[in-house]
Structure formats: C-alpha cells, structure tokens
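Written below as structure tokens is the structure these notes are about.
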Amino acid sequence: MNSSYIPLYQWIDGEKLSGDGRATSDILNPFDGSVLGTMAHATAADLQAALESSQRAFQQWRKAPAWERSEIILKAAALIKERIEQFVPILTLEVGKPLAEAQMEMNLTVQSMVWAGEEAKRIYGRTVESRLPNGRAIIAREPVGPVAAFAPWNVPALLTGRKIAAALAAGCSMIIKPSEETPATCLMIAEAFADAGLPAGVLNVVLGDPAMISTTLISSPIIRKVSFTGPEPIGKQLAALAAQNVTPVTMELGGHAPVIVCDDADIETAVALSVPNKYFAAGASCIGPTRFYVQDAVYDAFVEKFTAAAGKIKVGSGFDPETNMGPLANARRLHAMERLIGDAVANGGEITTGGKRIGDAGFLFEPTVLVDVPETAKIMNDEPFGPVAILSRFSTIEEAIEKANRLPYGLASYAFTASLSRANQLADSLESGMVGINTYYFGMPEAPFGGVKQSGYGSENGTEGIDAFLVTKFANFG
Ligand code: NAD
C-alpha cells in the first residue's frame, strides 16, 4: 500500500491552482508531528473565480437530466471504490486513524454517494387539482442553487463525499472547503468526479483560511445554501452570516451523547459495543458516546468491565495492524483533553484508566475512563471530542432521562435495556435527532443524520439529505 501524501491545490473551474505567491500552511501527521505537505491558500481572486464558475456551472447542471446526474455520481462512487487503496493510507496519514477505520470510512463514503446518486432519479413534485377551468397546478422541486459547504477533519472523506453527492444529485453546484488540516481526500473525491465526466465548475474545492473563505462565500449573493459540519460556535457564526442574505443552512454541529444503561440490560454486550464506539476516531466523533448513566444495580460491574476493556486498547500508529486507536488529530484536542480531565479530577472525579498523553511527539493520548465526576464539571457540559468516557450512576429512569436531556445538545443518544416498554419510553423521551436502542449503528445513508437543539438543524443522508438542496415552486396554469 502506497503511503505517500498527494500534492495539494485549489480546484477551480477544472483548473488545479497552487503556488503563485499564495500564502501556505503545513499539513501535519498527527502520529509524529512531521510535515506531510504544504497547502496553498485560496486568495480573494480565487474565491471570486470559484463563485463565478459555480454560478455558470449551476445554469448548465440544473438542466442536466436526472439520469445523467445520477450516472455521473454513481460513476464517481465506482471510481472511488476502485481507488480505495489510494484513499485509505491518506486518511491514516492525515487523521491518524487505523487502516481498518479508514477503510470503513471509505466504504461508507461510497455507500452515501451511491445512495445520493440513486436518489437523483427520485426527486418528485406533485400536481394538485386546479381551481381554474382547464387549469393545471404543479408543485415542482428545484435545485436551490450554488452551495457553499464546509467539512471538518475527523471524518474528512465521508463528510465531504456525502455533501457533494447529495447537492449534485439535487442539481446544485457546490464550492466546498475541506478542513485546512485534512484537505487531501476531498481533492481525491473531486478528481473522481472529474474523471466520471462532471462538467468543470459544478464542483470547486477551495483550501485555506476558514474564516476568510466562509465569510467571502457566504456573503456572496451567488451562494444560495450553506452546509456546515463542525464546531457549534462556528456554526452559530456562519448561520448568522447566512441570515444576512436569508440563505438557508444545514448545520451538523457538536453533541455530548448520553448513554443510559438500565439494570435489565445485557452488561457484557453493552460494554462490548460501547468501548469500540467510544474510542472510534480517538473519540472525535460527534455521535460518539460520552456520558454513560448506569443504573445502580449494574453500575459497579459496568465500571469494572468498561475500565478493563478500555485499558486493553492498543494506541499507536494507524499503519500498525495491531493498533485499535490512533492519535488525536491535532494539538487542540490534546490540550482540550488535558484541560477537561484536569478540571474533572480537581472537582472530585476519579480516573480508572488512562488520563495522560503518550510520549511527546505527535498527539497520542491514553483511552481514559472517569467516574464520580459532578455534573457541574466542565467535561459534563463541554463536548470532549476525545477518548474519554464519563461513567455515572442513576436510580430511576426518569432521573436518567432528565440528566441525559440536561444539555443544550441533541445529536445522538443511546440506551441499553431488555425491556420493550423502557425502550419505547427512552426512544420517545430522549431529546436528540438520533436514538440508538441497544446499538450504536447509524451508518445508514438511507436514514437521516442530524441533530436538534444546539446540535444543529437539517439532515444529511436519507431523502431529507437531498431535500436540503431543493426548493419548492408552485406553478399555476390558468
Ligand atoms: P475549532 O474550533 O478549532 O474549529 C476548527 C474547525 O472549524 C475546522 O474544521 C475549521 O475549518 C472550521 N472553522 C473554524 N473557523 C471557521 C470559520 N470561520 N468558517 C468556517 N469554518 C471554520 O474546533 P476543533 O477542535 O477543530 O473541533 C472540535 C469541535 O468540532 C467539536 O466540538 C465537535 O463538535 C465539532 N465537530 C462536529 C462534527 C459534526 O459532525 N457535528 C464533526 C467534526 C467536528
């Protein structure tokens, strides 16, 4: 497997642009802190060119028959599948994730693209009975227009691929900015689209300073939709900016997922599912389980089994097949872990395993379990987005639901129980866009993925994910 990095460039109107005095920044390998490559930043002129190209291409792409759009998206997905061996090591280099996790992300990326490609053929309007003699009343679904999209670093192929495929399926053009820390797989996805026959300008990729790019794109009247995945404070800023032009937004923001483990649950299974899901992506998953509320009768057993399983996780290079968890993706997460765990311990929390950085090169951190942390500690309120599980006890289901719903977030929540009536009660009462009962599995492109409360609004995936890029027109014929 080739594990060398790729050249980075702006991809605007089918042209690869780099150099020419553009400002640059380095892409770091989170495993050892070494420099993987250098990225040239988009200039104001680049962004203007991307906007104009996106507007021109939209006029062409919106008229392309749905079957043609579908065919190009499906062909791009097929090319990515063929090239998976090239994508996987790039993900491991940039994000540090183990090869098996990178492979899983690529499989999901392809599946999401296939789903969106198929859905392009299933965008339906309707007719209603006209009130006018010999009239016709048509309700049509049309692409919203050029989209500005912003994706984060934790799942950089999936979160760019599924935005692109859904927007293109709907007939929109898109300018996408991947994370400035993980730009490579987005460029490789764009290349697959070009090779599949996507006309120049339908997809432009811009790299560089996030604030400068988002402000320029979202302020432009050319942009008719914003799709953002990333931190909640940034999402709020971008939504406010979009509101200036009354531009609709889809926001996939943070979470602080609660897990309620009832005393009738199968504890072995709950631990066996919880530990790998907790430490997946080194904990940097917005749907990753974080606050575990465990009922009194099974609390001690759960803590003991969870701690033992977390302590066995092998942390290291994503390229080592023995590695279960790679490094944190950047220095910010390392500092956040140290700050949040330090505060939890200062407030009476106890570490049952982990708690420290590993070595001093790169961003490796021990899988960590905390118990007895008061609800007022920072880590019970701020999303840790790292490899730390917080285990607390509860007595009644009502108490657990109240604790789970206490935060302003509502992306994912989970519960383990053998009782159907408790399962129903929990599924109905947990305030989140997604609820997993006896499972953490949400990797289904056919089902919507999105949050409520301050975790965002709108969904990706499912028919809702295509709907996000459509507007409705009522055409009344007299
Ligand atoms: P951070 O505050 O350092 O933000 C960095 C991220 O936000 C980068 O992707 C960057 O490109 C983007 N960004 C920053 N300023 C921007 C701007 N003005 N315009 C556009 N984009 C901008 O946070 P971090 O440490 O990188 O990430 C941690 C947080 O990100 C977590 O709290 C997590 O909730 C959130 N996140 C959420 C999801 C999700 O799917 N909901 C995915 C990844 C990250």
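Segment GLU322..GLN86, full-extension length gain: 82.9 nm, with 0.36 nm per residue of separation and the alpha-carbon distance subtracted. Among HIS41, HIS256, a tally of other beta-carbon atoms within 10 Å of each Cβ gives an order, fewest to most, of HIS41, HIS256. Each Lys and Arg contributes +1 and each Asp and Glu -1, all at the Cβ; summed about the Cα centre of the chain, the dipole is approximately 1520 debye. Between the beta carbons of VAL246 and ALA200, assuming R0 = 30 Å, the FRET efficiency works out to 0.55 to the nearest 0.05. Highest average first, the peptides 151-163, 409-421, 9-21 ordered by how many other beta carbon atoms sit within 10 Å of their residues are 151-163, 409-421, 9-21. Structure shown: which of LYS63/LYS236; LYS81/LYS453; LYS16/LYS356; LYS81/LYS278; LYS75/LYS225 lie over 32 Å apart, alpha-carbon to alpha-carbon? The answer is LYS63/LYS236; LYS81/LYS453; LYS16/LYS356.
Rounded to the nearest 10 degrees, the angle from helix 296-311 to the longest Cα principal axis of the chain is 70 degrees. Computed from Cα positions, the angle between helix 84-95 and the longest principal axis of the chain comes to roughly 60 degrees. Within straight-line reach of LYS305, meaning a Cα separation under 12 Å, sit the following aspartates and glutamates at least 8 residues removed in sequence or on another chain: GLU268.
For a straight C-alpha distance cut-off of 16 angstrom, the aspartates and glutamates reachable from LYS473 (same-chain residues fewer than eight places away being disregarded) are GLU129, GLU142. Extending 7 Å from the Cα toward the beta-carbon at both GLN59 and SER18 defines two label points whose distance is 3.3 nm. Using C-alpha pairs under 8 Å with a sequence gap of at least 6, the mean separation divided by the residue count of the chain gives a relative contact order of 18 percent. Compared with the dominant Cα axis of the chain, that is its longest principal axis, helix 44-61 is turned about 70°.
Beta-bridge orientation, the chain: approximately 40 percent antiparallel, per DSSP, counting only bridges with both partners inside. If R0 equals 56 Å, the separation of the Cβ atoms of GLU180 and ALA137 corresponds to a calculated FRET efficiency of about 0.70.
Computed extension gain for SER25 through THR376, at 0.36 nm per residue and net of the alpha carbon distance, reaches 122.5 nm. Residues within the reach of a label modelled at ASP428 (point 7 angstrom out along Cα to beta-carbon, backbone nitrogen below 18 Å), restricted to the stretch 281-306: there are none. Computed on the stretch 348-460, with alpha-carbon pairs under 8 angstrom and 6+ residues apart, the relative contact order is 18 percent. Mean sequence separation of contacting Cα pairs (under 8 Å, at least six apart), scaled by the length of the stretch 257-444, corresponds to a relative contact order of 28 percent. If only the Cβ of Lys and Arg carry +1 and only the Cβ of Asp and Glu carry -1, the dipole of the stretch 257-444 around its Cα centre is close to 580 debye.
Extension gain for the segment GLU338 to MET104, taken as residue separation times 0.36 nm less the Cα-Cα distance, is 81.3 nm to one decimal.
Values quoted throughout were computed directly from the atomic coordinates according to the rules given, and no laboratory measurement underlies them. Computed from a prediction, not measured in an experiment: that's the story for all the values here. All Cβ positions, even for glycine, are placed from backbone atoms using ideal geometry, and neighbour counts span all protein chains on display.
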